[in-house]
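Encoded as structure tokens, the structure appears first; notes follow it.
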Amino acid sequence: MTNQQQEKQLFGNISLSKKVIGALAAMGFEEPSPIQSQTIPQVLAGCDLIGQAQTGTGKTAAFGIPIVEKLNSEKKYVQALILTPTRELAIQVSEEISKIGALKRIRAVPVYGGQPIDRQIRAIKAGAQVVIATPGRLLDHIRRRTINFSHLTMAVLDESDEMMDMGFIDDVGEILGALPQPRQTLLFSATMPREILELANKFMDNPVTVAISRERVTVPSIEQYYYELNDKTEGLCRVLDTEDTGKTIIFSRTKKGADELAMALKMRGYAAEALHGDLSQSQRDRVMKNFRSGKLEILVATDVAARGIDVDDITHVFNYDIPQDQESYVHRIGRTGRAGRKGIAITFITPKEFKQLKLIERFVKTRIFRRALPTPADALERQNDFLKQQLRRAIELGFADIYSEIAAELAQDFDPVQLAAAALKLSYEGFAAPEQKQREEEGHDFSNTGARAGMVRLFINIGRAQNIRSEDLVKRIAEEADIKGADIGMIRIYDKFTFVEVPQEVGERVWSVMHRNTVKGYKINVEPARARQ
């Protein structure tokens, strides 16, 4: 076995170099999508290829992976050209190629109008191996002879039908005619109008055709929502605290991400475990046994690991990370709403991921509705409702009968409502000393907290043990109390508690909105600090 063969690893059933596999793992790829599994082997074999697939199916990686695999990273000249209809797509494809080729140190350069051509010339001469270009600007370079294509071995036409619709079809023909032969040519298009087929017949050599049949998803029993937010873990905890969830699957893009999220949820008291390809069969069996039996409420899974799950009573699917393609979205949400049951699919996105969400929405032909993130008050109301349900159930099942004699005796001296409220407080919050209760009823004294002039110092019962950072507290206090983050003063985080200084005029407000609130999923107590005597 040669050293080169020894360095090969599998991406699904596709053999690729160790460096490419490593880059794909860092990007969160575990297994090829349908178009990737059909396209990559053909391109690696040297075939010209026509791929019929739409944006969002993973087609950029379908040609990007074999391009990077075949490039000679030691040669600092242009070996591959990718034509795109717009500058936005050129930049996007360039970023994707750079990520796939990161460990091989592949240099990809986007070339488009609206940017100084001299800057592009310098970038290409600096050792570009892949050029991603729009037709108009590339023709400028060809006519100026500022790009040397003499070593070119691959050319890709991406979204060919859109280039035709934008009036670039003649420019594309001129560009292909100016490129050297022999070369490998790949053409990707969502539709195949006559002009595109004529272009393929003229410039391609016996191309293989790969057509990805788009799955239709019928999800009348699945309600689909999304939340747009930045702190996904905090948002997830709020939603879990307000949704009436049963068995739940949360999808993470990577194995590491699944482990980290499962650990974060367990630290916040949720019964969660990760499921991914690094688990042994016995570990996987244990996790799935606990999930099916109900001992485990939440499964944090990667796409590949979740494909073997056959559980009918999953109530919720969360896309913690939005999937890379629409087919993956369909597979994910299809885990709920089975056997005639209703299901809920919730997707978390950052502002940059809104475009991908719209592509998914068009694909599933179903409106994905935006929801406002639940507030801490919503979570508290939900907890109170749950407590009421537990009390009703305990009474109906006779679980409280053994305490009836104690309750009857105390009811002779106290109002039954006050007696029940005290029992709930004792059960739910624990015992509070009388002097603490008196302080809460009389209000808080902010006059002597040890803070500098004009500020008050607050004591918060969380710290480094809960992975709390200064920015977590600043963001939370600013949002809840409607004050500027810059107005928040000194923050000192210790192992199990934290001191925060805020302006004196908003001290009462900060206390009122933050006491019994949550930070990163932890319920907190807030009190004025006591200055040393």
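Of note:
- Listed conditions (1) open to solvent by 70 Å² or more (accessible area, probe 1.4 Å); (2) over 30 Å from residue 480 (Cβ atoms); (3) in contact (Cβ under 8 Å) with a residue 40 or more places away in the chain are all met by residue 325, apart from (1).
- All conditions in (1) open to solvent by less than 70 Å² (accessible area, probe 1.4 Å); (2) charged (D, E, K, R); (3) over 19 Å from residue 176 (Cβ atoms) hold for residue 137, with the sole exception of (3).
- Residue within segment 96-108 that is aliphatic (A, V, I, L, M) and more than 30 Å from the chain's Cα centre (by Cα) present: no
Residue-by-condition table, conditions (1) crowded, with 18+ Cβ neighbours inside 10 Å; (2) outside any loop (DSSP other than H, G, I, E, B); (3) among the small types (Gly, Ala, Ser):
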{"residue": "60", "(1), (2), (3)": "yes, yes, no"}
{"residue": "64", "(1), (2), (3)": "yes, yes, yes"}
{"residue": "69", "(1), (2), (3)": "yes, yes, no"}
{"residue": "72", "(1), (2), (3)": "no, no, no"}
{"residue": "90", "(1), (2), (3)": "yes, yes, yes"}
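- Restricting segment 41-52 to residues that are open to solvent by 10 Å² or more (accessible area, probe 1.4 Å), of a type outside the set (A, V, I, L, M, F, W, C) and over 16 Å from residue 81 (Cα atoms), the residue that is modelled with the lowest pLDDT: 52
- So residue 254, is it of a type in the set (Val, Ile, Thr), closer than 29 Å to residue 64 by Cα and open to solvent by less than 70 Å² (accessible area, probe 1.4 Å): yes
- Each residue in segment 472-505 was checked for being open to solvent by less than 90 Å² (accessible area, probe 1.4 Å) and not in a helix (DSSP H, G or I), and 15 of them qualify.
- Considering the conditions (1) open to solvent by less than 80 Å² (accessible area, probe 1.4 Å); (2) outside any loop (DSSP other than H, G, I, E, B); (3) modelled with pLDDT under 90, residue 277 is excluded by exactly one of them, (2).
- Segment 472-492 - residue that is under 16 Å from residue 524 (Cβ atoms) and modelled with pLDDT under 85 and, of those, farthest from the chain's Cα centre (by Cα): 481
- Here 161, 170 are screened, and the one residue that is out of contact with any Leu (no Cβ under 8 Å at 6 or more places or on another chain) and in contact (Cβ under 8 Å) with a residue 12 or more places away in the chain is 161.
- Qualifying residue in segment 383-396 (condition: out of contact with any Pro (no Cβ under 8 Å at 6 or more places or on another chain), touching a residue at least 60 places away in the same chain (Cβ under 8 Å), part of a helix (DSSP H, G or I) and closer than 30 Å to residue 522 by Cβ): yes
- Test: residue 146 is of a type in the set (Val, Ile, Thr), modelled with pLDDT of 95 or more and surrounded by fewer than 19 Cβ atoms within 10 Å (Cβ to Cβ): no
- Residue satisfying all of: in segment 506-517; in contact (Cβ under 8 Å) with a residue 60 or more places away in the chain and assigned to a helix (DSSP H, G or I); nearest to residue 376 (Cα to Cα) among these: 511
- Taking the criterion of being among the aliphatic types (A, V, I, L, M) and assigned to a helix (DSSP H, G or I), the residues of segment 129-185 that qualify are 138, 139, 142, 163, 164, 169, 172, 175, 176, 178.
- Here 55, 84 are screened, and the one residue that is crowded, with 24+ Cβ neighbours inside 10 Å and modelled with pLDDT under 95 is 84.
- Here residue 312 meets each of (1) in contact with a strand residue (DSSP E or B) (Cβ under 7 Å, 6 or more places away or on another chain); (2) more than 19 Å from residue 29 (Cβ to Cβ); (3) open to solvent by less than 80 Å² (accessible area, probe 1.4 Å); (4) of a type in the set (Asp, Glu) with one exception, condition (1).
- Leading residue by the ranking (farthest from residue 487 (Cα to Cα)) among those in segment 446-471 that are outside any loop (DSSP other than H, G, I, E, B) and either open to solvent by 30 Å² or more (accessible area, probe 1.4 Å) or at pLDDT below 85 (or both): 465
- Pair list, Cβ under 8 Å, 6 or more apart: segment 35-55 residue touching a residue at least 24 places away in the same chain (Cβ under 8 Å), other residue among the acidic types (Asp, Glu) and open to solvent by 40 Å² or more (accessible area, probe 1.4 Å): 48/205
- Among the residues listed as 362, 370, the single one being open to solvent by 60 Å² or more (accessible area, probe 1.4 Å) and touching a Phe, Trp or Tyr at 6+ places or on another chain (Cβ under 9 Å): 370
The values are calculated or read from the model by the stated rules, or taken from the named source; none is laboratory data. The structure displayed is predicted, hence computed values, not measured ones. Counting neighbours? That spans all protein chains shown, and the Cβs are built from the backbone with ideal geometry, glycine included. The accessibility values were calculated without ligands, DNA or RNA, using every heavy atom of the protein model including side chains. Shrake-Rupley method; radii C 1.70, N 1.55, O 1.52, S 1.80 Å.
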